[in-house]
Every structure is written in C-alpha cells, then in structure tokens.
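First up is the structure itself, then whatever we jot down about it.
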Amino acid sequence: MVFYWVVGFILLVIKLGAALLALLLCAAYLVLAERKLLARMQIRYGPNRAGPFGLLQPIADLIKMMAKEDVIPEGADRMIFRYAPAVAASCAMLIFAVVPFGNSLTLWGYRIPLVVTDLNVGVLAVLGLSSLGVYGVALGGWASHSKYSLLGAVRGVAQMISYELPLGLSLVPVVMLSHSFSLVDIVDRQSIWPFIFIQPLSFAIFFVSAMAEIKRIPFDLPEAENELIAGYHTEYSGLRFGLFFLGEYVTLVTLGSLTAVFFLGGWHGPFLPGVIWLLVKIAAVAFIMIWIRGTLPRLRSDQLMNMGWKFLTPVALINIVVTGAVLLMISA
C-alpha cells in the first residue's frame, strides 16, 4: 500500500512539473507569437533581433524585467502590493491542473491518466478559480495608492462579475449533454461530435465571455492606456509587473485549452497524438483572439455592461431552457 502511494505521489509531482513547464513555455512564446502576428497585420516586422527570427525574445524580456528596479509607491499597502500579482498568476496556473491534455498512457501495465487531477467537480473548480483571479486585480489596484490604479481595479471587478455569470451559464448545456462535471468525461462524450456543432450558441457565449475575463481588446477597459495609463498595474514594475503580464498570457493559454476541452473535442482527432491535437486547438483559439485584438476597437463601459447583462446572460438562460426541453423530448 505504501509503495503504491509513493509511486502515485511521484507521478503526481512529475505531471505537475511537466504541466507547469509546458504552461509557462506556451505563455512565454505566445507573447512572441502575438507580437509577430500583430506586426504582420500592421505591416511591421515585429521582434527579430534576439536570436534567430527573434526566438530568444522571451528570454531577453525576462532578463530586462529582472534587471528593472522594483518600485513601491509611497503610501501603498506594501504587503498587499507585493503579493497581489502572485494571486492573479497562480489562479490561472491552478486551473490547468484539471485540464486533461491527452488520453490515458499505459506504462508497465499501469494506466496513467494524462491529467494532473481528474476532479468529479472539475467545471466548478474552473469557475471558482477563474473568479478568484479578480482578487489579484482588485488588491493590486487598491493597494497601489493611485486613483488610476483604483479606477482600473473597479472596472476590472465590475467586468469580471458581469461576464462570470454568462461564462458559467454557457457551460450548463455542456454539463447537461455530458452528464458530468468532470472535464475528462466531457472530452470523452465528444469522441464522435465536438459540442461546438451541437451547442454553437454556448460556444459563442463562452468565447466572448472568456475574452472579457482576460481583459483583452475589445474588453481591455481595466487597462485602457489612453484613459488610465495602464489601469490596475500602473504602479508596478520589474518582476511584479511581469507576474501580471504572465498571468494574462497563462490565462489565455488556459482558456484556449478550456475552449478546446468544452467545445472542440479536447485531444480527439485523427492520425496525430492527442497532445498534438490539443496544442493545435489551443493555438487556433489563441490565434483568433489575437486576430480580434488586432481588428476591433475598444468598447465603451456602458456597451460592455449592456452586452453582458442585457444580451449574453438572457441568451444563455434561454439556451439552457431550450437544451433541457430538447433532451427531455429525446429521452421521452
């Protein structure tokens, strides 16, 4: 019994390390990919000096942030100011612990699931951790002792509260179709047809709400450079600013993987290994989000709130009712 416990613990640590390393590498090079793609869309070259084709740019950015002075404004709440960026980054990383990134692997006769932990309430864990990420924004803006930062934090909290509701409601039909809150079970139910073909409306609501959750253009009101300088992280510098930056792109990778798991069939796909299929789907979702960022202008605050409360939430509720009615007719 002790032997199996030790082996299970070692496998858990290995999967944790592999998932964390892959997540950080994906986030680092997603920054480079976004800068390259936006440059091409705007007829520029983008970063191309650090290493061949600019591939060492993420390492150069890390060294630059490590070398910058870590400034704490006078009057700021020093303890909260220091730890707020870690809240934003760690919540995004913890979500990835319940994301299945491949089919089970058989090694020496033992079945090893390619997921850090398969929670039977995985959907609830995802929603809970994503809602906790707002504390990093709120605490960072409040502790900075700056009106610009505080206004950005208030905007960020209002935006996350507004779009967390349609985000969660959009997943109710997915749970109804898969009869489970486990992300592994949800992927297994899509072995024939991805849920994007069965629930395209849920996919659209989830995708828009996810973009608003990570505060990307056209939903970047908490940062809004021309109004708030940089919003809730205006007073941050060095590695603490880097943690906010890292948290945004880790969240982008995580939400791309969740979109793939909930609506695109997860690791399912022909010819290629499951992990490769999942990476391809995450890259496709990230590319669409980057494309939208390079295309659309920022919404006004009233437009942002109206879309969340007056359009997405009612449509998500109607979709739940219609889905339930259809499932009842099929089972009758």
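The values are calculated or read from the model by the stated rules, or taken from the named source; none is laboratory data. Everything numeric in this text was worked out from a predicted model, so none of it was measured. We place every Cβ from the backbone using ideal geometry, glycine too, and count neighbours over all the protein chains shown.
Observations on the structure shown:
Yes or no, residue by residue, for (1) in a helix (DSSP H, G or I); (2) out of contact with any Lys or Arg (no Cβ under 8 Å at 6 or more places or on another chain); (3) aliphatic (A, V, I, L, M):
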{"residue": "E248", "(1), (2), (3)": "yes, no, no"}
{"residue": "T251", "(1), (2), (3)": "yes, yes, no"}
{"residue": "F262", "(1), (2), (3)": "yes, yes, no"}
{"residue": "V285", "(1), (2), (3)": "yes, yes, yes"}
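- When L258, L228, L317, L327 are screened for being buried (at least 16 other Cβ atoms within 10 Å of the Cβ), of a type outside the set (F, W, Y), touching a helix residue (DSSP H, G or I) at 6+ places or on another chain (Cβ under 8 Å) and over 26 Å from K64 (Cβ atoms), only L258 passes.
- Condition broken by L114, with the remaining ones in (1) in a helix (DSSP H, G or I); (2) in contact with a Gly (Cβ under 8 Å, 6 or more places away or on another chain); (3) not β-branched (V, I, T) satisfied: (1)
- Qualifying residue in segment 99-116 (condition: in contact with a Leu (Cβ under 8 Å, 6 or more places away or on another chain), among the aliphatic types (A, V, I, L, M) and more than 24 Å from W277 (Cα to Cα)): no
- The single condition among (1) more than 11 Å from the chain's Cα centre (by Cα); (2) more than 19 Å from L21 (Cβ to Cβ); (3) assigned to a helix (DSSP H, G or I) that G242 does not meet is (2).
- Pick from segment 136-153, criterion in a loop (DSSP other than H, G, I, E, B) and among the polar types (S, T, N, Q), ranking: farthest from V87 (Cα to Cα): S146
One line per residue, one yes/no per condition, for (1) among the charged types (D, E, K, R); (2) at pLDDT below 80; (3) in contact with a Lys or Arg (Cβ under 8 Å, 6 or more places away or on another chain):
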site: L107; (1), (2), (3): no, yes, no
site: L129; (1), (2), (3): no, no, no
site: G133; (1), (2), (3): no, yes, no
site: V172; (1), (2), (3): no, no, no
site: F181; (1), (2), (3): no, no, no
site: D185; (1), (2), (3): yes, no, no
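- Long-range neighbours under 9 Å by Cβ, at least six apart or interchain, first residue at positive phi within segment 141-160, second in a helix (DSSP H, G or I): H145/F81
- Checking segment 141-149 against the condition returns no match, with no residue being at pLDDT 80 or above, within 25 Å of the chain's Cα centre (by Cα) and loosely packed, with under 14 Cβ neighbours inside 10 Å.
- Unmet requirement for L167, which otherwise passes all of (1) touching a Phe, Trp or Tyr at 6+ places or on another chain (Cβ under 6 Å); (2) among the aliphatic types (A, V, I, L, M); (3) crowded, with 22+ Cβ neighbours inside 10 Å: (1)
- The set of residues from segment 31-68 being assigned to a loop (DSSP other than H, G, I, E, B) and surrounded by fewer than 16 Cβ atoms within 10 Å (Cβ to Cβ) comprises Q42, I43, R44, Y45, N48, R49, G51, L55, L56, K68.
- G133 farther than 15 Å from I95 by Cα, in contact (Cβ under 8 Å) with a residue 12 or more places away in the chain and either surrounded by fewer than 17 Cβ atoms within 10 Å (Cβ to Cβ) or of a type outside the set (V, I, T) (or both): no
- Each residue in segment 289-306 was checked for being touching a residue at least 24 places away in the same chain (Cβ under 8 Å) and assigned to a helix (DSSP H, G or I), and 8 pass.
- In segment 261-278, the count of residues that are among the β-branched types (V, I, T), under 26 Å from L24 (Cβ atoms) and surrounded by fewer than 19 Cβ atoms within 10 Å (Cβ to Cβ) is one or more.
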